Amino acid sequence: MEHTEKPRSNAWFLLPVFLGIIGGIIAFFILRQDDPRKARNCLYLGVVLMIIGIIFNILVASSIPGLDSGFNVNV
């Protein structure tokens, strides 16, 4: 049984762009039979965008001067 690759639309890359790793996983499972290369790239894109988001959040959180561990709570 020979596996033939069907070309799929590049619009599938929008799923990991908008939904991150979840979108990459969804696109991977939908595309893995028809276009395994595009499925793998969608998964990689979701992972890369997740890592970029985590790094961005760390940089933004570290630049806020009023963000202390105590949060000025009087208990």
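Points to keep in mind about this one:
- Calculated accessible area for the range 1-44 comes out at 73 Å² per residue, all protein chains present (probe 1.4 Å; ligands, DNA, RNA ignored).
- Length released on extending from residue 47 to residue 61, taking residue separation times 0.36 nm less the Cα-Cα span: 2.9 nm
The values are calculated or read from the model by the stated rules, or taken from the named source; none is laboratory data. For clarity, every value in this text was computed on a predicted model and none was experimentally measured. Keep in mind that these areas ignore ligands, DNA and RNA; they rest on the heavy atoms of the full protein, side chains included. Shrake-Rupley method; radii C 1.70, N 1.55, O 1.52, S 1.80 Å.
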